[in-house]
Structures are given as structure tokens and as C-alpha cells.
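The values are calculated or read from the model by the stated rules, or taken from the named source; none is laboratory data. No experiment lies behind these values; they were computed from the predicted model shown. For neighbour counting, all protein chains shown are included, and Cβ atoms are generated from backbone atoms with ideal geometry for every residue, glycine included. For the accessible areas, the whole protein counts, side chains as well, though only heavy atoms, and no ligand, DNA or RNA atoms are used. Shrake-Rupley method; radii C 1.70, N 1.55, O 1.52, S 1.80 Å.
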Amino acid sequence: MTSVKLKFRASSIPNKEGTLYFQVIHERVAKQIKTSCHILESEWDEERNEIINTSQTSDSRRKILTSIRNKIRWEKNRISNAIIDMENDGVHFTIEDIVRNYYHSASNRVSVFEYINKQIDRLYASGKERTSETYRQVLHSFMRFRKNDDLDFDMIDNNLIEQYEGFMRMSNLCRNTTSFYMRTLRSIYNRAVEDGLTEQVNPFRGVYTGVDKTAKRALSIEEIRRIKELDLNGLPTLDFARDVFMFSFYMRGMAFIDIAYLKKKSLANGYIVYNRKKTGQQLVVKWENNMVNIVDKYFDDSSEFFMPIIKRQDGTERKQYLNKMLIINRNLKKIAQLAGISISLSLYVARHSWASIAQAKNVPLRAISLGMGHDNEETTRIYLSSIQSNIVDKANSKILNLIDRGG
């Protein structure tokens, strides 16, 4: 018969937190397993062997005590599971075996924060910088929620995930943002399950992981034309922001990161061939005069890139394009005001507008999807098997002509 009980050892210093530990008794022999949890003597009920709240406990302290209770519960389960495993083996074991196996399993554990950091490094090394940045944002958010208190994957349950969702909502994040963070964290958790770090307990079943419909962020052909025809002489920063926006639109809603990394060698035989940074999917775009006029304006013989966004290749490329993107989006807000456009203008609007205008001009939906590289490789093969490749180029030419001559 084996028992595991939570105990408290008060500090010898008045008003200082004491230590919580487990007393494990097996075959009438007792051993102690120390925890990293500390509470005040007034927060311990000796008769019931449990942590309590008092009338003087503040709201912030209640949250800390709740976290300690959860951690204690998880650690007790870990000890109990170690005992069950040895009992199932059918071999005689001692109290020393219980303690040794517990500490051995603890030393081999990979914490959640540590695991996510490893995934960030893996993604970055494999060229998936955008995804690695997303993982980093989620990690920082989750660390703020945990107050930098790391945990094991076994500690992640439905209750914890619901608390995290509540934390994000209290931080005034919209449902689509909290859902995005949840889907990312769920992906990390599922990978940890595959790596054998924990068992699947479906902790995300009680939180929102869908996508709410948002207001459309697309411009009409007339609004795009107003942006193009703005007189920005003497305003070089606004002029550059406008040119990048229009280049994105001309390139079928090309993502800013792909514009930043677009190299001159990508142009051959009248076509631009590039791979989307987000998906790795290859896209082919016919090189039109609208695009030529913009890149010629910023041509730099010493650079391998078309646009002056990444100017140094010294390991700071991502920082350079992110900083430039912030500046451009800020200037696009000013351009919207000058052009009499009411929506919040950003680089993403160029992508959305191309698709909306194409749809309004009866461009086939399959051509739009293929042209923007929306779908995975298998879906693209299906599209390619059913439409001619020049349909996308004709669709883009049709839209660019609308800009130049009026629709």
C-alpha cells in the first residue's frame, strides 16, 4: 500500500512563506519529495492538508494560490503515475525506487517554454521565418499569462486553456486574434503529443478556434485609380508607399514579404517566377508595363533585389522589412486621407482588392485562387489540370487595363 500526501513546512522566519512537499509512504517507510511551491502559514489548513484562502487574501493572491493548487495537483498525479507504472510491471519496488523514478522522469522532461523555443529555432532554420515569428508571439503571450512560470505539457488541460483564453479576452484581444493564438498553441501541443511528451487530452475543446467574419477591406477600381493618380511630388516617402501598394496590386496581391525578397533574377522571358514565403508555392506572373515603371524608378545596379526594402544582407533582413512595412502602412493611412478613402489602408488591402475587383469583373474563381496562390500544391494541380495557365495572365491584364483606361 502506497500513500501520497501533501504537507507544509513553515518557515522559521516570521511572515515568510514556508515550503510545500509530498510525503510518500510505501511499505511503512516514508520519504519526502520537495516542491518549488511556497505559501504562508495562514494559507495552510493542517487538518485537511490543503491550501486555503483567508478573508485577507487579495484577488491577485487568490490567482497565485489557484496556480499553486494546479501545480501541486499535477505533481501529485505525476508521482501517482510513477507508482502505478511500477505496480503494473509486477516487480517488487521500494520507496527509494519511487523517488528515484520520479526525479528521473522530472529530469528528462521538456518544458513547454523550452519546447516552443526549440520549434521557433527549427522553423527559422528551415526558412519558415513568418511561422517562427508567429510561434514567438504566441510564446510571449503565453508566458505573460503564466507570469513566466514554466510548466510541463502534462499540466495543460481544458481548465488551463480556458483560463488563457479569458486572460487574452481581458487584454482586449478580439475573438479572431485569440482564436489564432489558440490554433497556433494547439498545433504546438499536438506536435508535442506526436513527440511523446504527453498524452492527448484535447485541452482545446472548450475554447473558440474558429474565424469570425470581418468587415471587407477591399477598394473599388475607382479608389485604386485615385491612389494611382495622386500627385505626390515632393513627398518621396508617401510616393514610395503608394508605389509598393500599387506594385502589390499589379502582382495579383503579392505579399509584402515576397516583394521585399523579390530578386532581379526572378525575371526571365517576360515572366516573374517566385516562391511564396508563406507556403513555398511557386507563382508565375506575366511582367507588365505597370510593374516595369515602378521597379525602374528604384533600380539599383548594386542590389540583387527589385525594391529598396532589404538593403543589407547581414542577418537583419527580417528586421529591415518589418520596419519598412510599419513605415509604409503608416504612410498608406495618410494616402487614404489624401485620396478620400474611408477604410484603413494597408498593404493587405492591395491583395484583397485585386481579388474583389477580379470577382466583380467576372474573372473565374478558379483563376483568382490560382493567381493569388491561395491553395496548397495539390489544389493548384487540380486548378492547372482544368484551366489554361494564360487565363490568369489575361485576368491580370484585364484588371490593369481597367486602371489605365477606366472601367
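Every listed requirement among (1) closer than 28 Å to G315 by Cα; (2) surrounded by fewer than 15 Cβ atoms within 10 Å (Cβ to Cβ) is met by K128 save one, (2). When the stretch 318-329 is limited to residues that are touching a residue at least 60 places away in the same chain (Cβ under 8 Å) and of a type in the set (K, R), the one that is least open to solvent (accessible area, probe 1.4 Å) turns out to be R318. Residues that are of a type outside the set (G, A, S) and part of a strand (DSSP E or B): does the stretch 318-329 have at least one? No, because not a single residue in the stretch 318-329 is of a type outside the set (G, A, S) and part of a strand (DSSP E or B). Annotation for the stretch 247-268: at least one member residue is touching a Gly at 6+ places or on another chain (Cβ under 6 Å), within 27 Å of S132 (Cβ to Cβ) and open to solvent by less than 20 Å² (accessible area, probe 1.4 Å). Residue pairs whose Cβ atoms lie under 8 Å apart, separated by 6 or more positions or on different chains, with the first residue in the stretch 165-183 and of a type in the set (D, E, K, R) and the second not in a helix (DSSP H, G or I), are E165/V207; E165/Y208; R175/Y208; R175/D212; R183/T209. Count of the stretch 212-259 residues, restricted to those that are within 26 Å of T177 (Cβ to Cβ) and part of a loop (DSSP other than H, G, I, E, B), is 11.
Here is the figure for the stretch 235-260: residues that are farther than 19 Å from A395 by Cα, in contact (Cβ under 8 Å) with a residue 60 or more places away in the chain and in contact with a strand residue (DSSP E or B) (Cβ under 8 Å, 6 or more places away or on another chain) total 1. One residue stands out in the stretch 148-170 among those that are at pLDDT 90 or above and either under 12 Å from the mean Cα position of the chain (by Cα) or not in a helix (DSSP H, G or I) (or both): the one that is surrounded by the most Cβ atoms within 10 Å (Cβ to Cβ), namely I156. Just to verify a result, which residue in the stretch 94-116, among those that are surrounded by 17 or more Cβ atoms within 10 Å (Cβ to Cβ) and of a type in the set (A, V, I, L, M, F, W, C), is nearest to the chain's Cα centre (by Cα)? Only one residue tops the list, namely I116. Restricting attention to the stretch 133-145, the residues being open to solvent by less than 60 Å² (accessible area, probe 1.4 Å) and either free of Cβ contacts under 8 Å to residues at least 60 places away in the same chain or among the aliphatic types (A, V, I, L, M) (or both) number 8.
Taking residues in the stretch 94-123 that are free of Cβ contacts under 8 Å to residues at least 24 places away in the same chain, and partners anywhere that are assigned to a helix (DSSP H, G or I) and open to solvent by 70 Å² or more (accessible area, probe 1.4 Å), the pairs with Cβ atoms closer than 6 Å and at least 6 places apart or on different chains are I120/R136. Filtered by the rule that a residue be under 35 Å from the mean Cα position of the chain (by Cα), open to solvent by less than 30 Å² (accessible area, probe 1.4 Å) and over 13 Å from K7 (Cα atoms), the stretch 35-74 gives L65, I68, N70, W74. Selection of the stretch 274-283 for residues being open to solvent by less than 90 Å² (accessible area, probe 1.4 Å) and either at pLDDT 90 or above or over 24 Å from R242 (Cβ atoms) (or both) yields Y274, N275, T279, G280, Q281.
Tell me, yes or no, whether the stretch 190-197 has at least one residue that is part of a loop (DSSP other than H, G, I, E, B), within 28 Å of Q281 (Cα to Cα) and out of contact with any helix residue (DSSP H, G or I) (no Cβ under 7 Å at 6 or more places or on another chain).
Yes; the residues of the stretch 190-197 include at least one that is part of a loop (DSSP other than H, G, I, E, B), within 28 Å of Q281 (Cα to Cα) and out of contact with any helix residue (DSSP H, G or I) (no Cβ under 7 Å at 6 or more places or on another chain).
In the set (1) within 22 Å of A241 (Cβ to Cβ); (2) free of Cβ contacts under 8 Å to residues at least 12 places away in the same chain, the condition left unmet by N290 is number (2).
So which residues in the stretch 216-227 are modelled with pLDDT of 85 or more and open to solvent by less than 70 Å² (accessible area, probe 1.4 Å)?
Matches in the stretch 216-227: L219, S220, I221, E223, I224, R225, I227.
Condition test on Y271, is it in contact (Cβ under 8 Å) with a residue 12 or more places away in the chain, open to solvent by less than 30 Å² (accessible area, probe 1.4 Å) and touching an Asp or Glu at 6+ places or on another chain (Cβ under 9 Å)? Here the answer is no, as Y271 does not meet what is asked.
Among the residues of the stretch 11-34, those identified as among the aliphatic types (A, V, I, L, M) and surrounded by 14 or more Cβ atoms within 10 Å (Cβ to Cβ) are L20, V24, I25, I33.
When restricted to residues that are assigned to a helix (DSSP H, G or I) and either hydrophobic (A, V, I, L, M, F, W, C) or open to solvent by 70 Å² or more (accessible area, probe 1.4 Å) (or both), the stretch 284-317 contains 8.
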